[in-house]
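Down below is the structure, laid out as structure tokens.
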Amino acid sequence: MDSNELFVKSIPVYYIGFTKNTNLENNIGFKDVNHFKAVDGRKFDVDELIENNTITIRSYNDLIFGRHEHSGMTSLGAIGCTLSHLSLWKLCVDYNMPYIIICEDDVNIDKDLSKKDIKNIVESITKENGAFVSTSTNFSKDDEIIFFGLQFYILSQGACKQLIKYALPIDVQTDSYIANIGRRNLINLHGYKIYSQKHHKSSIQVIDIKPVLPKSIWFYMTVLLFIIFIVCVAYILFRKNRSCKIDLKKCESSI
């Protein structure tokens with residue numbers, strides 16, 4: 001094990017989950033692995049959250065009426081998710097930890113880190129306010145940073161401090177929030193897919209078609225005009241067919 005690998009594998013790991021996951025602890029491949037009990041957002045009262053300035057008006061509306069964008073709040077579980085991650089950012093700062101690895105208990109540890117992975121991680125997190133996110137989307141400083149999921153990521157203490165500054169009130173989901181902070185160059189954010197996420201029923205994400213529906217009114221006007229056209233054609237054909245049944249000779253002469 002070279003010095004870079006030893007450095008990365010020695011960073012404290014905190015996995016978020018409602019219960020301990022001994023299988024993850026035994027197979028993740030890091031030295032210092034800790035369970036962090038997830039904040040159960042399902043127990044929150046949405047009215048208290050808005051009154052305490054824990055969430056924005058937009059998040060409140062998302063929770064009451066349903067989200068209109070993918071980054072919006074899907075459920076109270078999403079609020080608990082952000083508060084869990086925020087607690088670990090604060091833990092990193094309060095305990096003066098140079099770096100912290102945060103993952104969720106549904107992370108799929110399906111391979112070991114390669115030497116290239118180790119090198120890229122070290123280069124990323126040792127920059128000022130450095131951060132590395134395992135995501136299916138590769139991104140750089142010149143790209144629009146968009147990614148989904150926080151199954152595994154590494155933060156420097158500087159990055160944690162920046163994330164803490166703007167975390168409350170909660171306006172978007174945690175991954176969208178981190179991506180936004182990266183786009184604003186408040187943290188040096190890099191990443192690509194290292195570990196995937198297991199698929200299971202989530203208390204955070206709910207099925208919602210509003211975020212994928214077109215926003216332009218012209219789309220809906222076009223659809224409405226098309227429906228009206230189909231109805232008119234169907235009505236004309238129906239009238240003609242009925243007329244033919246009443247006067248067969250007239251119908252035949254028109255053919």
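The values are calculated or read from the model by the stated rules, or taken from the named source; none is laboratory data. Please read these numbers as outputs of a predicted model, since none were measured by experiment. Positions of Cβ are backbone-derived with ideal geometry, glycine not excepted, and every protein chain shown enters the neighbour counts.
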Test ILE102 against the stated conditions and say whether it is under 30 Å from GLU51 (Cβ atoms), at pLDDT 90 or above and in contact with a Leu (Cβ under 7 Å, 6 or more places away or on another chain).
yes
For the stretch 50-66, enumerate the residues that are touching a residue at least 40 places away in the same chain (Cβ under 8 Å) and under 18 Å from PRO169 (Cα atoms).
ASN53, THR54, ILE55, THR56, ARG58, SER59
So for the stretch 135-145 (the condition being under 19 Å from ILE28 (Cβ atoms), in contact (Cβ under 8 Å) with a residue 40 or more places away in the chain and assigned by TED's automatic domain parsing to the domain that holds ASN23), does at least one residue qualify?
yes
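Conditions (1) hydrophobic (A, V, I, L, M, F, W, C); (2) in contact (Cβ under 8 Å) with a residue 12 or more places away in the chain, marked per residue:
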| residue | (1), (2) |
| --- | --- |
| ILE16 | yes, yes |
| THR22 | no, no |
| ASN34 | no, yes |
| ASP45 | no, no |
If a residue has to be within 11 Å of ASP105 (Cα to Cα) and out of contact with any strand residue (DSSP E or B) (no Cβ under 9 Å at 6 or more places or on another chain) to count, how many in the stretch 15-39 make the cut?
2
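Checking the structure you have, find out if any residue of the stretch 64-82 is under 20 Å from ILE154 (Cβ atoms) and of a type outside the set (Lys, Arg).
Scanning the stretch 64-82, I find at least one residue that is under 20 Å from ILE154 (Cβ atoms) and of a type outside the set (Lys, Arg), so the answer is yes.
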For GLY191, only one of the following conditions fails: (1) over 16 Å from the mean Cα position of the chain (by Cα); (2) in contact (Cβ under 8 Å) with a residue 60 or more places away in the chain. What is its number?
(1)
Any chance the stretch 54-64 includes a residue that's under 17 Å from SER87 (Cβ atoms) and either under 22 Å from the mean Cα position of the chain (by Cα) or not hydrophobic (A, V, I, L, M, F, W, C) (or both)?
yes
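Among residues belonging to the stretch 9-49 that are acidic (Asp, Glu) and under 25 Å from ASP117 (Cα atoms), point out the one that is modelled with the lowest pLDDT.
Here the answer is GLU25.
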Restricting attention to the stretch 150-198, and to residues there that are small (Gly, Ala, Ser) and surrounded by fewer than 22 Cβ atoms within 10 Å (Cβ to Cβ), which single residue is nearest to SER84 (Cα to Cα)?
ALA167
Is there any pair linking a residue in the stretch 75-103 that is closer than 14 Å to ILE125 by Cβ and in the same structural domain as GLY130 (by TED's automatic domain parsing) to one that is part of a loop (DSSP other than H, G, I, E, B) and hydroxyl-bearing (Ser, Thr, Tyr), with Cβ under 7 Å and at least six apart or on different chains, and which?
none
Tell me, which helices (runs of 4 or more DSSP H) lie completely within the stretch 1-110 with 2 or more residues that are of a type outside the set (Ser, Thr, Tyr) and closer than 22 Å to ILE164 by Cα?
46-51, 57-65, 76-94
